[in-house]
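Structure first, commentary second.
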Amino acid sequence: MSKPDVLQIGYYPEWDQEPLDNAFTMHRYFEAEDKAAFLSKVGPHITGIATRGDLGANRAIIEACPKLEIISIYGVGYDAVDLAACKEKGIRVTNTPDVLTNDVADLGVAMMLGLSRGMVGASEWVRDGSWATKGLYPLQRRIWGRKAGVLGLGRIGYEVAKRLAGFDLDIAYSDVTAKEYAKDWTYIADPVALAQHADFLFVTLAASAETHHIVNREVIDAVGPDGMIINVSRAANVDEAALLDALKAKRLGSAALDVFEDEPALNPRFLELDNVMLQPHHASGTYETRKAMGKLMRDNLAAHYADEKLLAEVI
Ligand code: 8YV
C-alpha cells in the first residue's frame, strides 16, 4: 500500500522526522523556495497536514489540498489553523494537549520568579564585576504572600495556580464560569477586576476571536505600576501596542512574555525596555515534552489513516 501524502508545514527534530518519513510521504513545504508553485504541484495529492501550534494552516493552504482529510498539530494551540475552513470541508483537526501543560506552567512561574527577583540583571552584575565595584545589587520585589490573577483556568492555568499556591500567593482566577476544582481560589469573572486584584497577572487562555486583546489598556492599567503581566498563551490575547505604551510609561511595572504578535520578528520597542523578560516561544521546549508532543502528533495521523479513534481531537 502506498504511504499517505502529508504536507509538512515546519521543521521537526530528527526523532520526529525519521518516523514521519517512514510512515508517510512527507512534502516539506517549509523547504520550498517557491511555496505557491510547490503547493500547486503537491496539493492535489495531499490527504494530511502536519503542522505546529505556532504555524497552523491557513485557508489558502487548506484549499490548495482538495483531498485533505486531517490536520495534525504539534502543539495545543489551534488558533493558527483556519477551523472555519476545516469545518466547511469536513477536515479533522488534532492537537497535543496535556503532554505540555506542566512545562508551560513551569516556564510561566519561572519567568515570574526570575523577573520579580531581577535574576537576569543580577547574573550580569556578578559577571561584569559590578558586584565588586558597585556593591550590593539593587533591591527587587518579593514574591511570596503577594496576589496572583490567573486569566483562564484551563489545564495550563490550573497548573500555574497550583504552583503559585506553593509560594503562598493569594490566588484569584477568571474563566467563563467558576470551577468546581478551584475551591481554594477566588473566582473573579471580570478581567479588569481580576487585574485589580493581581500583582502578577498570568495570561493562560486559549486564543480565539472572543479572547482577542482581552488584556487591553484597561486591564493593563488595572495591573498597574507595581504589577507584572506574564503571557505564556498567545500574543493575540494581549493588546501589544497598549502593553508597550504602558511598559514605557511605567504605568505597568513589568511583563514576562513567551509570545509576540509577529513572532519570530519582535517589535523593536521591546528591546528599549528594561522592565521586560523576553522568551522565544519555548514554554513547551524541553526534550521530554517535545518528544511527547511529536509522538502524539504522529499517533493522531496514524490513528486517522488506520481508521482508529483519534487521540486528541479539536474538531
Ligand atoms: C510550541 C505551542 O511552541 O502548544 C502550542 O500551541 O505553540 C507550542 O507548544 C509549538 O507548537 C512548537 O513549535
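The values are calculated or read from the model by the stated rules, or taken from the named source; none is laboratory data. Computed from a prediction, not measured in an experiment: that's the story for all the values here. Reconstructed Cβ throughout: ideal geometry from the backbone, glycine too, with neighbour counts over all protein chains shown. Note: areas computed on protein heavy atoms with side chains; ligands, DNA, RNA excluded. Shrake-Rupley method; radii C 1.70, N 1.55, O 1.52, S 1.80 Å.
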Q: Check each of the GluC sites (Glu not before Pro) in segment 221-315 and keep only those in coil by DSSP with at most 14 other C-beta atoms within 10 angstrom; list them in order.
A: Glu308
**Q.** Loop trypsin sites (Lys or Arg not before Pro), segment 205-280 (other Cβ atoms within 10 Å of the site Cβ: 12 or fewer; DSSP)
**A.** Lys250
Q | Cα centroid separation, segment 34-76 to segment 238-315 (Å) | A | 21
Q) Ignoring ligands, DNA and RNA, how do Lys67, Lys147 rank by accessible area with a 1.4 Å probe, largest first? A) Lys67, Lys147
Q) What ³J(HN,Hα) values, in whole Hz, does the Karplus curve 6.51 cos²θ - 1.76 cosθ + 1.60 give for segment 53-68 when θ = phi - 60°, with x put for Gly and Pro? A) x, 7, 9, x, 7, 8, 4, 4, 5, 4, 6, 6, 10, x, 9, 4
**Q.** Amide H contacts of Ala57 (H built 1.01 Å from N, under 5 Å, at least 5 apart or other chain)
**A.** Val81, Asp82
(Q) How large is the Rg to Rh ratio of segment 136-257 when both quantities use alpha carbon positions and Rh follows Kirkwood? (A) 0.96
Q. Ignoring any ligand, DNA or RNA, what whole percent of the accessible area of segment 101-278 comes from carbon and sulfur when the probe is 1.4 angstrom?
A. 55
Q) Among the lysines, which have Cα under 22 Å from the Cα of Lys162 when same-chain residues fewer than 8 positions away are ignored? A) Lys147, Lys179, Lys183
**Q.** Distant-in-sequence amide H partners of Phe260 (H built 1.01 Å from N, under 5 Å)
**A.** Ala235
**Q.** Surface accessible to a 1.4 Å probe, Leu169 within the full protein complex, Å²
**A.** 20
Q) Considering amide H positions built from the backbone, and no H for Pro or chain starts, which residues 5 or more places from His213, or on another chain, come under 5 Å of its amide H? A) Asn237, Val238
(Q) Testing the spin-label approximation: label points 7 Å from Cα along Cα→Cβ at Asp226 and Glu288. State their distance in nm. (A) 3.7
Q: Could you pull the accessible area for Trp15 with a 1.4 Å probe, rounded to 10 Å²?
A: 90
**Q.** Shape call, segment 1-85: gyration tensor on alpha carbons, a/c limit 1.5
**A.** rounded
Q | Gain on full stretching of the segment that runs from Glu14 to Thr186 - 0.36 nm per residue minus C-alpha separation | A | 57.4 nm
(Q) Cut-off 10 angstrom, C-alpha nodes, Gaussian network model of the chain. Which of Val126, Val219, Val276 fluctuates the most? (A) Val126
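For the chain, what is the accessible area per residue in Å² when the probe is 1.4 Å? Provide the component values of the computation, followed by the final result.
On the way: 15490 Å² over 315 residues.
With all protein chains present, the chain gives 49 Å² per residue.
Calculated from DSSP H runs of 4 or more alone, at -39500 (n - 2.57) each and per residue, what is the 222 nm mean residue ellipticity of the chain, nearest 500? Provide the component values of the computation, followed by the final result.
Values: 12 runs with 114 residues, N = 315.
Taking each H run of at least 4 residues, the total per residue is -10500 deg cm²/dmol.
Count the net charge of all other residues whose Cβ sits under 14 Å from the Cβ of Val192, scoring Lys and Arg as +1 and Asp and Glu as -1.
Working: positive: Arg217; negative: Asp190, Glu218, Asp221, Asp239.
Overall, the nearby charge balance is -3.
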(Q) Through the Karplus equation 6.51 cos²θ - 1.76 cosθ + 1.60, θ set to phi - 60°, convert the phi angles of segment 92-97 into ³J(HN,Hα) values in whole Hz; use x for Gly and Pro. (A) 7, 10, 10, 9, 10, x
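Please give the net charge around Asp82, taking every other residue with its beta carbon less than 12 angstrom from that of Asp82, where Lys and Arg add +1 and Asp and Glu add -1. Walk me through the numbers on the way to the answer.
Details: positive: Arg59, Lys87, Lys89; negative: Glu63, Asp79, Glu88.
Neighbourhood net charge equals 0.
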Q) Can you work out the FRET efficiency for the pair Glu31 and Ala60, with r the C-beta to C-beta distance and R0 = 25 Å, to the nearest 0.05? A) 0.85
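Between Asn22 and Glu263, 0.36 nm times their residue separation minus their Cα-Cα distance comes to what?
Values: separation 241, 0.36 × 241 = 86.76 nm, distance 3.15 nm.
The Asn22-Glu263 span can extend by a further 83.6 nm.
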**Q.** Of His213, Phe270, Ala249, farthest towards positive along the dipole that unit charges on Lys, Arg, Asp, Glu beta carbons give segment 188-281
**A.** Ala249
Q: Using only the Cα atoms of segment 87-190, build the gyration tensor, take square roots of its eigenvalues as a ≥ b ≥ c, and label the shape rounded, prolate or oblate: rounded if a/c is under 1.5, else prolate if a/b is larger than b/c, else oblate.
A: oblate
Q: Name the aspartates and glutamates eligible as straight-distance cross-link partners of Lys250: C-alpha to C-alpha under 20 Å, and not fewer than 8 places from it in the same chain.
A: Asp199, Glu218, Asp221, Asp226, Asp239, Glu240, Glu272, Asp274
Q) aspartates and glutamates within cross-link reach of Lys35: Cα-Cα under 19 Å, excluding same-chain residues under 8 positions apart? A) Asp5, Asp54, Glu63, Asp82
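Suppose every Lys and Arg Cβ carries +1 and every Asp and Glu Cβ carries -1, with no other charges. What dipole size does the chain come out with about its Cα centre, to the nearest 20 debye?
Working: 33 positive and 45 negative charges, 85 e Å.
Around 400 debye, computed over the chain.
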Q: Would you work out which of His304, Thr133, Ile46 lies farthest towards the positive end of the dipole of the chain? Charges go on Cβ: Lys and Arg +1, Asp and Glu -1.
A: Thr133
